[in-house]
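One structure below.
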Amino acid sequence: MSEKISLEVDGQLKEFEIKREGKMKILELPVKIEVKKGSFLHIGTAPSPLTEKKGAIFKVDRTPVIPATSFKGALRHQLELLFIEKAEEFAQLFNIPDDKKELLKPCIPSPRPTKAEEELIRMGKYRKHCEIKVDDRQISVGNLGICPVCYFMGTTGLMGFLRVSNFYPEREGGVIDQTNIRIDRKTGTAAHGAKVEGEQVKPGTVFNGTISIVFSEPILEMQGIQFGDAREIGDKVIDKWLSYWSEKDKTKRVKILIEKVLLPAIQNIKVLGGQKSRGAGKVDVKVE
Ligand SMILES: [Zn+2]
């Protein structure tokens with residue numbers, strides 16, 4: 001017994017299976033990341049006292065890997081930008097009343113924002129970090145509830161609906177170990193102390209991984225809640241941004257959240273990893 005859902009990906013209708021994984025129902029989106037021609041990828045590891053190598057890239061069993069955390073950071077950022085850019089469109093789509101548009105603002109996901117992040121909050125682009133507090137049977141989530149980005153990605157004390165895997169290269173090879181010598185702009189010779197050891201993933205390298213959407217898990221199921229619905233704890237609505245939506249068809253809600261929010265955010269990821277100032281990290285991301 002398997003359920004299927006058809007989604008429009010890159011202008012084409014494709015069928016995806018909703019699988020049971022233990023007590024959860026999951027929709028898995030296969031994702032392909034290609035390092036662009038003329039660029040390279042560098043996702044570093046923290047230098048360890050045991051390895052002398054500087055500029056090593058993240059690897060599992062000697063294979064370069066794009067760690068889930070790295071991809072998640074990029075996806076969160078693209079979701080934030082999407083909710084800022086499409087604030088008006090989404091307010092209409094989700095039937096948000098005019099005086100409640102703040103519900104769609106993404107949060108700065110840290111209780112201690114930097115100066116630059118504080119500025120973004122002051123400018124009205126972002127809200128303060130989402131927080132769910134549970135003490136002595138009291139639950140508080142603030143006036144705005146949890147932001148739409150944390151709905152997907154999760155926040156402290158509350159899981160999001162997305163799971164991201166690590167990304168592994170399609171075939172072996174693809175790493176170049178290159179010593180970069182910075183040229184002194186004035187003398188045209190190697191600048192003193194500018195010798196940098198660095199590993200890079202070659203352009204054209206393709207990585208595969210998955211983004212899974214958790215449709216339901218036992219506790220939500222007991223409440224009759226699934227991905228696309230606003231969650232409730234006690235009698236408190238957590239995901240207030242979804243509570244005005246007039247679309248009652250659960251499958252349509254799922255389709256809209258994936259096609260209008262998740263897929264565009266995934267496809268908008270254009271850079272990953274470090275050394276961006278050197279032109280690194282340009283990628284194409286596709287859902288297959
Ligand atoms: Zn948030």
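Residues E88, E118, E131: which one is part of a helix (DSSP H, G or I) and either open to solvent by 90 Å² or more (accessible area, probe 1.4 Å) or within 10 Å of the ligand (Cβ to nearest atom) (or both)?
Of E88, E118, E131, the one residue that is part of a helix (DSSP H, G or I) and either open to solvent by 90 Å² or more (accessible area, probe 1.4 Å) or within 10 Å of the ligand (Cβ to nearest atom) (or both) is E88.
For the subset of segment 156-176 comprising residues that are touching a Pro at 6+ places or on another chain (Cβ under 7 Å) and open to solvent by less than 30 Å² (accessible area, probe 1.4 Å), which member is nearest to L75 (Cα to Cα)?
Out of the qualifying residues, it is P169.
V283 versus (1) out of contact with any Gly (no Cβ under 8 Å at 6 or more places or on another chain); (2) at positive phi; (3) surrounded by 19 or more Cβ atoms within 10 Å (Cβ to Cβ): which is the lone unmet condition?
(2)
If I ask for residues that are within 10 Å of the ligand (Cβ to nearest atom) and without any contact (Cβ under 8 Å) to a residue 40 or more places away in the chain, which ones from segment 157-166 would you list?
G160
For a quick check of your reading of the model, give me the residue pairs whose first member lies in segment 86-107 and is within 19 Å of L120 (Cβ to Cβ), whose second is more than 15 Å from the ligand (Cβ to nearest atom) and among the β-branched types (V, I, T), with beta-carbon atoms closer than 8 Å and at least 6 apart or on different chains.
Going by the 8 Å Cβ cut-off, the qualifying pairs are F90/I96; L103/I96; L104/I96.
List every residue pair whose Cβ atoms sit under 8 Å apart, with the two residues 6 or more apart in sequence or on different chains, where the first one lies in segment 242-263 and is within 18 Å of G160 (Cα to Cα) and open to solvent by less than 80 Å² (accessible area, probe 1.4 Å) and the second, anywhere, is of a type in the set (F, W, Y) and assigned to a loop (DSSP other than H, G, I, E, B).
Taking only residues 6 or more apart or on different chains, the pairs are L242/F94; R253/W245; V254/F227; L257/F227.
Which is surrounded by 17 or more Cβ atoms within 10 Å (Cβ to Cβ), touching a helix residue (DSSP H, G or I) at 6+ places or on another chain (Cβ under 8 Å) and not aromatic (F, W, Y), of I43, I57?
None of the others qualify; the one that does is I43.
Have a look at K115, K72 and point out the one that is basic (K, R) and under 19 Å from C150 (Cα atoms).
K72
Quick one: how many residues across segment 134-153 are at pLDDT 90 or above, more than 9 Å from the ligand (Cβ to nearest atom) and under 13 Å from I233 (Cα atoms)?
Final tally of qualifying residues: 1.
Please list, ordered by first then second residue, the pairs with beta carbon atoms under 7 Å, 6 or more apart or interchain, first in segment 140-152 and part of a loop (DSSP other than H, G, I, E, B) and among the β-branched types (V, I, T), second within 9 Å of the ligand (Cβ to nearest atom) and open to solvent by 20 Å² or more (accessible area, probe 1.4 Å).
Filtered contacts from segment 140-152: I146/T155.
The values are calculated or read from the model by the stated rules, or taken from the named source; none is laboratory data. As the structure is a computational prediction, the values presented were derived from the model and not from experiment. Backbone-built Cβ (ideal geometry, glycine too); neighbour counts: all protein chains shown. These area figures cover heavy atoms from the full protein model, side chains too; ligands, DNA and RNA do not enter into them. Shrake-Rupley method; radii C 1.70, N 1.55, O 1.52, S 1.80 Å.
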